[in-house]
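Note sheet for the following structure.
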Amino acid sequence: MVSVFVFAALAIAWPSPAAAIPANIPSKSVIQSELNGLSVASEGSMTGYSRDKFPHWVTISGSCNARETILKRDADYVTVGSDCYPTSGKWYSQWDGVVKTVASEVSIDHQVPLAEAWRSGASSWTTAKRQDFANDVVGTELIAVTATVNSSKGDKDPSAWKPPRTGAYCLYAKMWIHAKHKWGLKLQSAEKTALQSMLNTCSY
């Protein structure tokens, strides 16, 4: 009987999954206007691309770099060491609905992948601007997800990859569109069609 009670207590110690996502994501109508305003163009070349041309993860505040900043933002009950790395916490991966309790099993997803950004206009940016993009902790470019789903996504755009959790379509489209709008990146016709389809699922 005691063991059952202890188990029950442990079971309710965790709250419902975290909904920690970038703050101030615009409404559906605003995002629709942003999507309509993006330039449609053929995909650019990968010539010259290297992840090293998008320096990350840079220090954001104190001992916290961009990755650690997002790990803290997107976690429930997070505790960190003196080096800012989480020693405990709970992360709900929006794209696949999986919960992780070990920080090393959590990836920070560049919503618009670095290679996709390169093909969409970042190839002409300065390294300093690419660094700002890759470490944008205040926009919609970064979110904590499982390493598995981040690897599955790779550098694909929404015409080639969508979250396995269909309930995430609205958030995914909003974050992608807002990031491309903020950074002045272009998109392909098929990408725009896929984004519009996902945005149509939004009720807010």
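The values are calculated or read from the model by the stated rules, or taken from the named source; none is laboratory data. Predicted model only: the values in this text are computed from it and were never measured. Here the Cβ positions follow ideal geometry from the backbone for every residue, glycine too, while neighbour counts run over all protein chains shown. With ligands, DNA and RNA removed, areas are computed over all heavy atoms of the protein, side chains included. Shrake-Rupley method; radii C 1.70, N 1.55, O 1.52, S 1.80 Å.
Tabulated results
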item	result
Tabulated pairs, the range 163-185, first without any contact (Cβ under 8 Å) to a residue 40 or more places away in the chain and under 17 Å from residue 96 (Cα atoms), second assigned to a helix (DSSP H, G or I) and hydrophobic (A, V, I, L, M, F, W, C), C-beta under 6 angstrom, 6+ apart or interchain	169/198
Helices (runs of 4 or more DSSP H) enclosed by the range 71-165 - at least 3 residues per element that are more than 15 Å from residue 51 (Cα to Cα) and open to solvent by less than 50 Å² (accessible area, probe 1.4 Å)	147-153
Residue in the range 188-204 that is within 23 Å of residue 76 (Cα to Cα) and either among the basic types (Lys, Arg) or at pLDDT below 95 (or both) present	no
Meets criteria (open to solvent by 70 Å² or more (accessible area, probe 1.4 Å), of a type outside the set (Asp, Glu) and either at pLDDT below 95 or part of a loop (DSSP other than H, G, I, E, B) (or both)) for residue 57	yes
Criterion: loosely packed, with under 13 Cβ neighbours inside 10 Å, modelled with pLDDT under 95, polar (S, T, N, Q) and not in a loop (DSSP other than H, G, I, E, B) - qualifying residue of 29, 3, 16	3
Cβ pairs under 7 Å, 6+ apart, first in the range 99-110 and touching a residue at least 60 places away in the same chain (Cβ under 8 Å), second open to solvent by 60 Å² or more (accessible area, probe 1.4 Å)	99/17
Selection count where residues are in contact (Cβ under 8 Å) with a residue 24 or more places away in the chain and within 18 Å of residue 110 (Cβ to Cβ), scope the range 66-94	10
